[in-house]
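What follows is a short report on a single structure.
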Protein chains: 2
Amino acid sequence: MIEILKQHIISRLGEDVTNLNEVLQNFKSLKVSRNETILNQGEVCKYVYFIVSGCLQVYVYDKEFNETTRDLIIEDNWCSELISFGSQQPATENIRAVEPSELLAIDRQGFQNMMETVPQFDKVYKQILEASYANSVYRINTFVALTALERIKWLMDYRPKLMSRLSSKLIASYLGISQETFSRLKAKV
Amino acid sequence: MIEILKQHIISRLGEDVTNLNEVLQNFKSLKVSRNETILNQGEVCKYVYFIVSGCLQVYVYDKEFNETTRDLIIEDNWCSELISFGSQQPATENIRAVEPSELLAIDRQGFQNMMETVPQFDKVYKQILEASYANSVYRINTFVALTALERIKWLMDYRPKLMSRLSSKLIASYLGISQETFSRLKAKV
DNA sequence: TTAAAACATTGACATTTGTCAATATTTAAT
DNA sequence: ATTAAATATTGACAAATGTCAATGTTTTAA
């Protein structure tokens, strides 16, 4: 499992990362089953997760307790509630596995260790943050102006893996439309 | 003008910032008039702006060339197209002043100088990035699930200054609703 | 100060999307 | 393998929002 993360890091920081193997010891490996929650809103988010395999859902509840999904993240990506992780304030979002998933978790102390052992690691946090930010900006700009049908087309074009792997219910919640509308419009594409 | 930025930085990094005055020399002061564009999509974003007074709009065009506004940022805040600024790739968003504005601009070289002169300054970029990220996450989670009326109420409660200062047209574009719907629902609140 | 332009409001109507309910299909657990 | 639960589809209808057009109001610039 660690090997996948190793490749991921090398592809970003280059081959010559000193102490990489020691650094990777800071990650704890865990397996989570489908529908297992790994963060509840109100708790402090203690870890940043690297997804080795599977898929995580980041979501909130609206006032009628419907879930709305801010993000769906698959293998070879990072996932966390970064705002809570960074500030140690209670999280405003929930995270759960929507597929059986293999994760590598690192806590703040681990991050600290890494920064000291591998100076370039400073960049990794910045990269994760920048990627997350870019993703959310993109999501706002893409979605505010699009109709339900256009959102579906967008997902098919740019996130085809999500479309084929996940339930309609989940996709609809990610697109911000009802299941019924999703079901109907899907047929029209 | 610089004095306001100085207070802003002191409030975040504390009183004892070494070389602060020299650091502030890296900022160029500029005045922009209403409707003046300071970044066009396709260009590389060269500056991060601190808004001393006024208001900036960050927006994109949809396929019918309507503007959709991702953010409206007022005085005492930072504004940039951070993804372009960080990567030096072409910007995907436009920025314009929607009020006559006084800005302090710093370029990458200036940022570099600051990091070297004031070690704590490293934090400032991270803080700007984190704040921007938190803001966009909040925007996604708040808006995806809200009706037009609820969005208006939200704006009145949490961004009352925007509501009173800016045109209905702009506010509607920020809320992702038509001007007419905004006009009608505003009366019902 | 005045004319032109931009913006805001309102009505009529069309379109999109949501809700509820019934049924079919798939998935999960024993 | 069988049954219960969850998910997906479809219809009928309601509610929300958008579009177009007409008019009134405010802002801007000469």
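The figures follow:
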item: Residue among A:Val58, A:Val144, A:Val118 with the largest mean-square fluctuation in a Gaussian network model of chain A, springs linking Cα atoms under 10 Å; result: A:Val144
item: Value of relative contact order over the range A:146-189, rounded to a whole percent, pairs C-alpha under 8 Å and six or more apart; result: 48
item: Evaluated over the range B:2-120, the Cα radius of gyration and Dmax, each in Å; result: 15.0, 52
item: Computed Rg/Rh of the protein assembly as shown, alpha carbon atoms with Kirkwood Rh; result: 0.97
item: Cα-based helix-to-principal-axis angle, B:179-188 vs chain B, degrees rounded to 10; result: 80
item: At 7 Å out from Cα toward Cβ: A:Ala148 inter-copy label distances (nm, ascending); result: 1.7
item: Kirkwood hydrodynamic radius of the range A:39-183, from inverse mean 1/r over distinct Cα pairs, in Å; result: 16.3
item: Rounded to the nearest 20 debye, dipole of the range A:57-189 from Cβ charges on Lys, Arg, Asp, Glu; result: 600
item: Long-range HN-HN contacts of B:Glu36 with modeled amide H, under 5 Å; result: B:Ala97
item: Ellipticity estimate at 222 nm from DSSP helix runs (n ≥ 4, -39,500 (n - 2.57)) divided over chain A, nearest 500; result: -14500 deg cm²/dmol
item: 5 angstrom amide H check on B:Ser29, placed H, neighbours 5+ away; result: B:Ala105
item: Per-residue HN-Hα couplings for the range A:59-76 [Karplus 6.51, -1.76, 1.60; θ = phi - 60°; Hz; x = Gly/Pro]; result: 8, 10, 9, 8, 5, 8, 6, 6, 7, 10, 9, 7, 7, 10, 10, 10, 3, 6
item: In Å², nearest 10: area of B:Met115 left accessible to a 1.4 Å probe; result: 60
item: Efficiency of FRET between A:Thr181 and B:Ser53 - r from beta-carbon atoms, R0 45 angstrom, step 0.05; result: 0.50
item: Residue with peak Gaussian network fluctuation, chain A [Cα springs, cutoff 10 Å], from A:Asp107, A:Asp71, A:Asp122; result: A:Asp122
item: Signed unit charges on C-beta, dipole axis of the range A:146-189, positive-most listed residue A:Ser178, A:Leu166, A:Ile152; result: A:Leu166
item: The range A:42-55 - phi-based ³J(HN,Hα) in whole Hz, Karplus 6.51/-1.76/1.60, Gly and Pro as x; result: x, 7, 7, 7, 8, 10, 9, 10, 9, 8, 7, 8, x, 8
item: Farthest positive-ward along the range B:1-160 dipole, Cα basis, beta-carbon charges - from B:Pro100, B:Val58, B:Asn21; result: B:Val58
item: Inter-copy spacing of A:Asp122 label points, which lie 7 Å from Cα along Cα→Cβ, given in nm from shortest upward; result: 0.3
item: Between 0 and 90°, nearest 10: helix A:2-13 axis offset from chain A longest Cα axis; result: 90
item: Cα-based helix-to-principal-axis angle, A:108-117 vs chain A, degrees rounded to 10; result: 50
item: Shortest-first distances to equivalent copies, position A:Thr37, nm, label 7 Å out along Cβ; result: 4.7
item: Nearest-20 debye value, the protein assembly as shown charge dipole, Cβ charges on Lys, Arg, Asp, Glu; result: 1360
item: In Hz, Karplus ³J(HN,Hα) per residue of the range B:138-150 (6.51, -1.76, 1.60; θ = phi - 60°; x = Gly, Pro); result: 4, 4, 4, 5, 6, 8, 4, 9, 8, 7, 4, 5, 5
item: Solvent exposure ordering (accessible area, 1.4 Å, most first) of B:Tyr47, A:Tyr138, A:Tyr158, A:Tyr133; result: A:Tyr158, A:Tyr138, B:Tyr47, A:Tyr133
item: Average Cα contact separation per residue, chain B, under 8 Å, 6 or more apart, as relative contact order %; result: 24
item: For B:Cys45, residues with placed amide H under 5 Å, excluding near neighbours; result: B:Phe85, B:Ala91
item: Residues of the range B:158-181 with amide N under 20 Å of a point placed 7 Å along Cα→Cβ from B:Glu67; result: B:159-181
item: Qualifying lysines (Cα of each under 26 Å from Cα of B:Lys188; at least 8 residues distant if same chain); result: A:Lys63, B:Lys153, B:Lys161, B:Lys169
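The values are calculated or read from the model by the stated rules, or taken from the named source; none is laboratory data. Treat the numbers as computed from the prediction; the structure is a model and nothing was measured. Cβ atoms come from the backbone with ideal geometry, glycine included; neighbour counts cover every protein chain shown. The area values use the complete protein model at the heavy-atom level, side chains included, leaving out ligands, DNA and RNA. Shrake-Rupley method; radii C 1.70, N 1.55, O 1.52, S 1.80 Å.
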